[in-house]
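*Asks:* Okay, here's the structure, questions in a sec.
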Amino acid sequence: MDFRSMNELTELCTRERKTVGEMMLMVEMEKSGRDKEMIIDMMAERLIKMKHAVESGVEDGSPAPSGISGGDAVKMSEYVNNGKGLSGPYINDAMTFSMATSETNARMGVIVATPTAGAAGIIPGVLFSLRKNDGTSYRDLVMGLFTASALGYVIANRSFISGAAGGCQAEVGSATAMAAGAIAELKGGTPEQVVNATALAMKSLLGLVCDPVAGLVEVPCIKRNVIGTSIAFSAADLSLAGIESRIPCDEVIEAMYKIGKEMPRTLRETALGGLAMTATGMKLKDRLLCRNT
Amino acid sequence: MEYQSCFDIIGPIMVGPSSSHTAGVVSIGKFVYEMLGGSPKKADITFYDSFSETYQGHGTDKALLGGLLGMNTDDTRIRYAVELTNRYGLHYEFKFENRCPYYDHPNTTVVRARRADLIVKVGGVSLGGGLSKIFMIDDEKVDIRLSTDDDFSKIAAKYRSNTFYEAMLEGV
């Protein structure tokens, strides 16, 4: 048993009467030969590591080795805890937690790639926001990771998940799409709604280029993770409201692949274009090179 | 289908900042370490394309050296790998090229490493999300998928040359 497309995934879920997360778990059992509890334990270990990254990031105001990021999760956390946030508690908390994770990543701290390190903030951000705001159980959060991985599994095999191969749409785009689907499933959506949320989120980020200043996973990556969480919640809301993506998810993924193939090398994680080549981007790079030599 | 498991997508557990430019590269270095049965004394490393443009920012150099010293993707010492090469007696040289002539992907590296009489040349590609592939060993094409949950020592054992075992018998 396996699935190669979102279409196959939803058909399989319907046939087996399983959620997307449960389906991933079944496929993993069959392919790896590991038993169910062991696989759940492995995923739970990842969830715990994510939690540590969030916690250390929210409290650690220190800068990254580059000196160009760090300290913003502390600011965001204070702002939100003072009740000033406009986007509502779900999105506001997700923003704080994703910022914390991505800052931990920039400090070369331990994180979990979801699906990549550059996009590691989004999924923990939305999951721990659900935990904080409606008490989602750890067991359910682990299942949410299986949901997200099923969606990422299809995306990665049909398109790409690295910025060097397909631009930021492949990283933050994929992670946001996976997060949207995971939220939809944890909030009771059907497999069709899960896949639909994935399509809606990914469509919003098609064409996004990978243009890291000085080649660091910091500017603009960290804040793109943060804003990705709000797109994930919006896409999940749309889908749970019964609003459908006119373009089916598999076709959106195919479009992402084609756009990535047409993207010039300067905009695929080479730091030779986009924000990396702005006046300020270049100045930051020069400052870092001076420091390193 | 390069991605075979949910843990290829949610994972690896790793030190930042990049799954393709840090974690996947640790794995390539670690594979070389396993091929040699320990840390090399000399390594000539070529970074291609995206690796050559952004290796400093992503710690790709630290990641590869960390792997060559036997570290795993979640080893917090990777940050200090450059300094640690002294203690392990690893001499290395980096070269930077545009396009990899052996494999069409922006995240590629070729490592030629020596440990006593053993020499191995390994070509690796980091596919994204921490998943890597070894596409060349000693100028022969191979296709070895490396996920951080794999037992690299077991995989490397299948590709080690007779020279390796001769050298082991002589007590390298």
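*Asks:* Out of B:Ser52, B:Ser27, B:Ser20, which single residue is farther than 20 Å from B:Ile119 by Cβ, assigned to a helix (DSSP H, G or I) and open to solvent by 10 Å² or more (accessible area, probe 1.4 Å)?
*Replies:* Only one candidate qualifies: B:Ser52.
*Asks:* Can you confirm whether A:Met38 is within 14 Å of another protein chain (Cβ to nearest Cβ), at pLDDT 95 or above, in contact with a Leu (Cβ under 6 Å, 6 or more places away or on another chain) and over 21 Å from A:Ala197 (Cα atoms)? Talk me through it step by step, then tell me what you get.
*Replies:* Values: within 14 Å of another protein chain (Cβ to nearest Cβ): yes; at pLDDT 95 or above: yes; in contact with a Leu (Cβ under 6 Å, 6 or more places away or on another chain): no; over 21 Å from A:Ala197 (Cα atoms): yes.
Spelling it out, it is not the case that A:Met38 is within 14 Å of another protein chain (Cβ to nearest Cβ), at pLDDT 95 or above, in contact with a Leu (Cβ under 6 Å, 6 or more places away or on another chain) and over 21 Å from A:Ala197 (Cα atoms).
*Asks:* Regarding segment B:9-16, can at least one residue be identified that is without any contact (Cβ under 8 Å) to a residue 40 or more places away in the chain and more than 24 Å from A:Glu103 (Cα to Cα)?
*Replies:* Within segment B:9-16, not a single residue is without any contact (Cβ under 8 Å) to a residue 40 or more places away in the chain and more than 24 Å from A:Glu103 (Cα to Cα).
*Asks:* Looking at this structure, is A:Ile243 closer than 30 Å to A:Pro65 by Cα, at pLDDT 95 or above and not hydroxyl-bearing (Ser, Thr, Tyr)? Step through it out loud before you land on a result.
*Replies:* Values: closer than 30 Å to A:Pro65 by Cα: no; at pLDDT 95 or above: yes; not hydroxyl-bearing (Ser, Thr, Tyr): yes.
Answer is no for this residue.
*Asks:* Same structure, new question: In this structure, is A:Thr176 touching a residue at least 12 places away in the same chain (Cβ under 8 Å), hydroxyl-bearing (Ser, Thr, Tyr), part of a helix (DSSP H, G or I) and more than 10 Å from chain B (Cβ to nearest Cβ)? Lay out the reasoning, then the answer.
*Replies:* Working: touching a residue at least 12 places away in the same chain (Cβ under 8 Å): yes; hydroxyl-bearing (Ser, Thr, Tyr): yes; part of a helix (DSSP H, G or I): yes; more than 10 Å from chain B (Cβ to nearest Cβ): yes.
Judged against the criteria, A:Thr176 is a match.
*Asks:* Another question, if that's okay. Give me the pairs, please: first residue somewhere in segment A:188-214 and more than 20 Å from A:Met143 (Cα to Cα) and modelled with pLDDT of 95 or more, second residue anywhere and small (Gly, Ala, Ser) and open to solvent by 30 Å² or more (accessible area, probe 1.4 Å), beta-carbon distance under 6 Å, and either six or more positions apart or on two chains.
*Replies:* Close Cβ pairs (under 6 Å, with a partner that is small (Gly, Ala, Ser) and open to solvent by 30 Å² or more (accessible area, probe 1.4 Å)) amount to A:Val209/A:Gly274; A:Asp211/A:Gly274.
*Asks:* Residue by residue through segment A:261-292, note down the ones that are among the polar types (S, T, N, Q) and either over 13 Å from A:Gly163 (Cα atoms) or assigned to a helix (DSSP H, G or I) (or both).
*Replies:* First, pick out the residues of segment A:261-292 that are among the polar types (S, T, N, Q): A:266, A:270, A:278, A:280, A:292.
Matches in segment A:261-292: A:Thr266, A:Thr278, A:Thr280, A:Asn292.
*Asks:* Given the criterion free of Cβ contacts under 8 Å to residues at least 12 places away in the same chain and of a type in the set (A, V, I, L, M, F, W, C), identify the matching residue among B:Leu127, B:Leu131, B:Leu118, B:Leu169. Walk me through how you get there before you give the answer.
*Replies:* Values: B:Leu127 fails: free of Cβ contacts under 8 Å to residues at least 12 places away in the same chain; B:Leu131 fails: free of Cβ contacts under 8 Å to residues at least 12 places away in the same chain; B:Leu118 fails: free of Cβ contacts under 8 Å to residues at least 12 places away in the same chain.
Sole residue among the options that is free of Cβ contacts under 8 Å to residues at least 12 places away in the same chain and of a type in the set (A, V, I, L, M, F, W, C): B:Leu169.
*Asks:* Now, a different point. Give segment B:30-49 a look and list any residue that's more than 18 Å from B:Pro106 (Cβ to Cβ), in a helix (DSSP H, G or I) and not basic (Lys, Arg), or say none. Before you say what the answer is, go through the steps one by one.
*Replies:* Looking only at segment B:30-49, we keep the residues that are more than 18 Å from B:Pro106 (Cβ to Cβ), and these are B:30-44.
Filter again for in a helix (DSSP H, G or I), leaving B:30-36.
Within segment B:30-49, B:Phe31, B:Val32, B:Tyr33, B:Glu34, B:Met35, B:Leu36 qualify.
*Asks:* Can you pull out every residue in segment A:41-50 that is in contact with a helix residue (DSSP H, G or I) (Cβ under 7 Å, 6 or more places away or on another chain) and more than 10 Å from chain B (Cβ to nearest Cβ)?
*Replies:* A:Ala44
*Asks:* Looking for whichever is surrounded by 17 or more Cβ atoms within 10 Å (Cβ to Cβ), within 12 Å of another protein chain (Cβ to nearest Cβ) and touching a residue at least 12 places away in the same chain (Cβ under 8 Å) here; the options are A:Met76, A:Met108. Which one fits?
*Replies:* On the way: A:Met76 fails: within 12 Å of another protein chain (Cβ to nearest Cβ).
Just one listed residue meets the conditions, A:Met108.
*Asks:* Let me ask something else. When segment B:68-104 is examined, which residues are found to be acidic (Asp, Glu) and buried (at least 17 other Cβ atoms within 10 Å of the Cβ)? It would help to see each step written out before you state the result.
*Replies:* Start the filter on segment B:68-104 by keeping residues that are acidic (Asp, Glu), which leaves B:74-75, B:83, B:93, B:97, B:104.
Once the filter is applied, which keeps residues that are acidic (Asp, Glu) and buried (at least 17 other Cβ atoms within 10 Å of the Cβ), segment B:68-104 yields B:Asp74, B:Asp75.
*Asks:* Return yes or no: is B:Asn107 within 23 Å of A:Ser162 (Cα to Cα) and either open to solvent by less than 10 Å² (accessible area, probe 1.4 Å) or modelled with pLDDT of 95 or more (or both)?
*Replies:* Values: within 23 Å of A:Ser162 (Cα to Cα): yes; either open to solvent by less than 10 Å² (accessible area, probe 1.4 Å) or modelled with pLDDT of 95 or more (or both): yes.
Yes: the conditions hold for B:Asn107.
*Asks:* Quick one: count up the residues across segment A:45-73 that are part of a helix (DSSP H, G or I) and open to solvent by 30 Å² or more (accessible area, probe 1.4 Å). It would help to see each step written out before you state the result.
*Replies:* Here is the first cut: in segment A:45-73, the residues part of a helix (DSSP H, G or I) are A:45-59, A:72-73.
Going one step further and asking which of them are open to solvent by 30 Å² or more (accessible area, probe 1.4 Å), we end up with A:45, A:48-49, A:51-52, A:55-56, A:58-59, A:72.
Count: 10.
*Asks:* Only one residue in A:Val219, A:Val226 is open to solvent by 20 Å² or more (accessible area, probe 1.4 Å) and either within 13 Å of chain B (Cβ to nearest Cβ) or under 14 Å from the mean Cα position of the chain (by Cα) (or both), so which one is that? Can you show your working first?
*Replies:* Numbers: A:Val226 fails: open to solvent by 20 Å² or more (accessible area, probe 1.4 Å).
From the options A:Val219, A:Val226, the qualifying one is A:Val219.
*Asks:* From the list A:Glu55, A:Glu59, A:Glu28, exactly one residue is facing another protein chain (nearest Cβ under 9 Å), at negative phi and at pLDDT 95 or above. Which is it? Quick ask: steps written out before the conclusion?
*Replies:* Details: A:Glu55 fails: facing another protein chain (nearest Cβ under 9 Å); A:Glu59 fails: facing another protein chain (nearest Cβ under 9 Å).
Matching residue, one of A:Glu55, A:Glu59, A:Glu28: A:Glu28.
*Asks:* Before we move on, is A:Glu269 under 18 Å from B:Ser50 (Cβ atoms), at pLDDT below 95 and under 24 Å from the mean Cα position of the chain (by Cα)?
*Replies:* Numbers: under 18 Å from B:Ser50 (Cβ atoms): yes; at pLDDT below 95: yes; under 24 Å from the mean Cα position of the chain (by Cα): yes.
Considered against the rule, which asks whether it is under 18 Å from B:Ser50 (Cβ atoms), at pLDDT below 95 and under 24 Å from the mean Cα position of the chain (by Cα), A:Glu269 comes out as yes.
*Asks:* Of everything in segment B:36-49, what is at pLDDT 95 or above, out of contact with any His (no Cβ under 9 Å at 6 or more places or on another chain) and open to solvent by 10 Å² or more (accessible area, probe 1.4 Å)? Give them in sequence order.
*Replies:* B:Ser39, B:Asp44, B:Thr46
*Asks:* Report whether or not A:Met99 is open to solvent by 10 Å² or more (accessible area, probe 1.4 Å), part of a loop (DSSP other than H, G, I, E, B), farther than 20 Å from B:Leu127 by Cβ and in contact with a Lys or Arg (Cβ under 9 Å, 6 or more places away or on another chain).
*Replies:* Taking the combined requirement at face value, the residue does not satisfy it.
*Asks:* Right, something else. Tell me, please, whether a residue that is in a helix (DSSP H, G or I), open to solvent by less than 10 Å² (accessible area, probe 1.4 Å) and facing another protein chain (nearest Cβ under 10 Å) can be found in segment A:112-125.
*Replies:* Going through segment A:112-125, the residues in a helix (DSSP H, G or I) turn out to be A:122-125.
Now drop any that are not open to solvent by less than 10 Å² (accessible area, probe 1.4 Å), which leaves A:122-125.
Those still in the list that are facing another protein chain (nearest Cβ under 10 Å) too: A:123.
Yes, segment A:112-125 contains a residue that is in a helix (DSSP H, G or I), open to solvent by less than 10 Å² (accessible area, probe 1.4 Å) and facing another protein chain (nearest Cβ under 10 Å).
*Asks:* A follow-up question, please. Look through B:Asp8, B:Asp104, B:Asp49, B:Asp74 and report the one residue that is within 14 Å of chain A (Cβ to nearest Cβ) and in contact with a Cys (Cβ under 7 Å, 6 or more places away or on another chain).
*Replies:* Numbers: B:Asp8 fails: in contact with a Cys (Cβ under 7 Å, 6 or more places away or on another chain); B:Asp104 fails: in contact with a Cys (Cβ under 7 Å, 6 or more places away or on another chain); B:Asp74 fails: in contact with a Cys (Cβ under 7 Å, 6 or more places away or on another chain).
Checking each option against the conditions leaves just B:Asp49.
*Asks:* Are any residues in segment A:262-285 free of Cβ contacts under 8 Å to residues at least 12 places away in the same chain and within 13 Å of chain B (Cβ to nearest Cβ), and if so, which ones?
*Replies:* A:Pro264, A:Arg265, A:Thr266, A:Leu272
The values are calculated or read from the model by the stated rules, or taken from the named source; none is laboratory data. All values derive from a computational prediction rather than experimental measurement. Virtual Cβ from ideal backbone geometry, glycine too; neighbours counted across all protein chains shown. Ligands, DNA and RNA are excluded from the accessible area calculation, which covers all protein heavy atoms including side chains. Shrake-Rupley method; radii C 1.70, N 1.55, O 1.52, S 1.80 Å.
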